[in-house]
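Mind having a look at this structure? Questions to follow.
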Amino acid sequence: MIVYSNGFWGLPILFRLYGSAFPRSLFFASSSSMATAILYYYGSTNVITTLKNPFAYQIFGSVVGFALVFRSSLSYQRFWEARTTIQVIMGRLTVFTIQSITQDIWSLDVDKMSQEDKKLAYEFYADLIHYVSLLFALMLRHLRKDFDLDDYCDHSVLNKAPDLGCQDSASLKLKIQTFFLSIASYL
């Protein structure tokens, strides 16, 4: 898999050589161009007339066009397969969240619960939704090979969003780990 760096407006991708066909085809393209130029300038009139004939270029253009269309079709299919898989994962995470909250609500006796217990249940639901959403975001970051998690900030879901410049990512990592370990202990 080719890993693309997040650069200024995507300009580093234009000048990237790794994964490109340009370095592999440069030798063949330059040698055939030089051979054609030598034949054109130093060849006989019969060779120059043959080089000006468009039929050879039409065959070559048809083959290259077919290859480009075939390659584009394959990459388009790969993109849609990946997008479908991401959508399936998102749907399954949504079903997991809904079923978890529903099962928890059904297991509670709401009539006998105090207001403090109802508030704790609501906080659990908000935390579960938040952490499943965070899990999906981390999965997408992992797919794009962005492993720097220092820009995530610890905050309460029930309060306002965190500041953009916060530096409290270590406590968030610990909080995520303990939350999912506590869920796994119930299973």
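Restricting to region 131-148, name every residue that is closer than 18 Å to Leu181 by Cβ and open to solvent by less than 40 Å² (accessible area, probe 1.4 Å).
Result: Tyr131, Val132, Leu134.
Report the residue count in region 110-130 for those that are open to solvent by less than 60 Å² (accessible area, probe 1.4 Å) and part of a helix (DSSP H, G or I).
7
Being of a type in the set (Val, Ile, Thr) and either under 30 Å from Val132 (Cβ atoms) or open to solvent by 70 Å² or more (accessible area, probe 1.4 Å) (or both) is the filter here; which residues of region 36-45 pass it?
Hits for region 36-45 are Ile38, Thr45.
Within region 56-75, is even one residue touching a helix residue (DSSP H, G or I) at 6+ places or on another chain (Cβ under 7 Å) and without any contact (Cβ under 8 Å) to a residue 12 or more places away in the chain?
Scanning region 56-75 turns up no residue that is touching a helix residue (DSSP H, G or I) at 6+ places or on another chain (Cβ under 7 Å) and without any contact (Cβ under 8 Å) to a residue 12 or more places away in the chain.
Name the pairs: first residue in region 7-26 and on the phi > 0 side of the Ramachandran plot, second residue modelled with pLDDT under 70, Cβ to Cβ under 8 Å, at least 6 apart or on different chains?
Gly19/Ile2
If you don't mind, another one. Which ones in region 78-109 are open to solvent by less than 70 Å² (accessible area, probe 1.4 Å), over 26 Å from the mean Cα position of the chain (by Cα) and within 18 Å of Ser133 (Cα to Cα)?
Residues satisfying the conditions are Ser100, Ile101, Thr102.
Oh, and also: With respect to Arg78, determine if the residue is of a type outside the set (Val, Ile, Thr) and modelled with pLDDT of 90 or more.
yes
Filter region 46-77 down to residues that are of a type in the set (Phe, Trp, Tyr) and under 26 Å from the mean Cα position of the chain (by Cα) and give me whichever is least open to solvent (accessible area, probe 1.4 Å).
Top of the filtered list is Phe70.
The values are calculated or read from the model by the stated rules, or taken from the named source; none is laboratory data. From a predicted model like this one, the values you see are computed outputs, not experimental measurements. Neighbour counts are summed over all protein chains in view; Cβ atoms, including those assigned to glycine, are modelled from backbone coordinates with ideal geometry. Just so you know, the surface numbers come from the protein's heavy atoms only, side chains and all, with ligands and any DNA or RNA stripped out. Shrake-Rupley method; radii C 1.70, N 1.55, O 1.52, S 1.80 Å.
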